[in-house]
Amino acid sequence: MSRAVEDSNRRLLRARDAMDRTYAQPLDVPTLARLAHVSEAHFIRTFRATFGETPHRYLQRRRVERAMFMLRETDRSITDICLDVGFNSLGTFSRTFTEIVGEAPTEYRARGDVFLAPTCYTMSWMRPSSFGEAVPKNGS
């Protein structure tokens, strides 16, 4: 791997780490591109090529992942969870959650079927896929 590719990857990881740390804060592409020291268009293009999804979708998936944990582990309202993880609209949160997980937040909470297992297995099993969206329940 060349030095230039290493530097590029390091800068992209710096931006992705910022998304992981501050997922609940308003984050936009210009801010993230500045963290990576590249233009906005180049940031989106290289982020997608490196991580397999756009920065926006990565951030949405990270927020949904955190919401999944909160839905399982707390009794907070879905609206509060939506706002806590960084969504500004309950409708957008519900639609995005359903696209990524395959069921609505209320259905996910009601199911509540987390089995006792080591945390690493539970996290792996519960983590939404970054390689495509959830398959619709009716199979189409």
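Tell me, which helices (runs of 4 or more DSSP H) lie completely within region 10-75 with 2 or more residues that are under 18 Å from residue 93 (Cβ atoms) and at pLDDT 95 or above? Show your work before the answer.
Numbers: elements: 29-36, 40-51, 55-73.
Once the helices (runs of 4 or more DSSP H) in region 10-75 are filtered for at least 2 residues that are under 18 Å from residue 93 (Cβ atoms) and at pLDDT 95 or above, what remains is 55-73.
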message: Restricting to region 19-70, name every residue that is touching a Leu at 6+ places or on another chain (Cβ under 8 Å) and either under 11 Å from residue 85 (Cβ atoms) or open to solvent by 20 Å² or more (accessible area, probe 1.4 Å) (or both).
response: 23, 27, 46, 50, 51, 59
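Collect the residues in region 110-127 that are assigned to a helix (DSSP H, G or I), more than 22 Å from residue 57 (Cα to Cα) and either open to solvent by less than 70 Å² (accessible area, probe 1.4 Å) or at pLDDT 95 or above (or both), keeping them in residue-number order.
If we filter region 110-127 for residues that are assigned to a helix (DSSP H, G or I), which is where we start, we get 110-111, 119-126.
Within this subset, residues satisfying the condition of being more than 22 Å from residue 57 (Cα to Cα) are 110-111, 119-122.
Listed by number, the list holds a single entry, 122.
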- request: List the number of the failed condition for residue 6; all other conditions in (1) outside any helix (DSSP H, G or I); (2) exposed (fewer than 15 other Cβ atoms within 10 Å of the Cβ) hold.
  value: (1)
field: Every pair of residues 6+ apart whose Cβ atoms lie under 7 Å, when the first sits in region 31-49 and is farther than 12 Å from residue 14 by Cβ while the second is among the small types (Gly, Ala, Ser) and open to solvent by less than 70 Å² (accessible area, probe 1.4 Å)
entry: 39/33; 40/33; 46/8
message: I'm trying to understand the selection: among the residues of region 83-108, which are closer than 22 Å to residue 18 by Cα, outside any helix (DSSP H, G or I) and not polar (S, T, N, Q)?
response: 85, 86, 87
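The values are calculated or read from the model by the stated rules, or taken from the named source; none is laboratory data. Values in this document were obtained by computation on a predicted structure and should not be read as measured data. Reconstructed Cβ throughout: ideal geometry from the backbone, glycine too, with neighbour counts over all protein chains shown. For accessibility, only protein heavy atoms count, side chains too; no ligands or nucleic acids. Shrake-Rupley method; radii C 1.70, N 1.55, O 1.52, S 1.80 Å.
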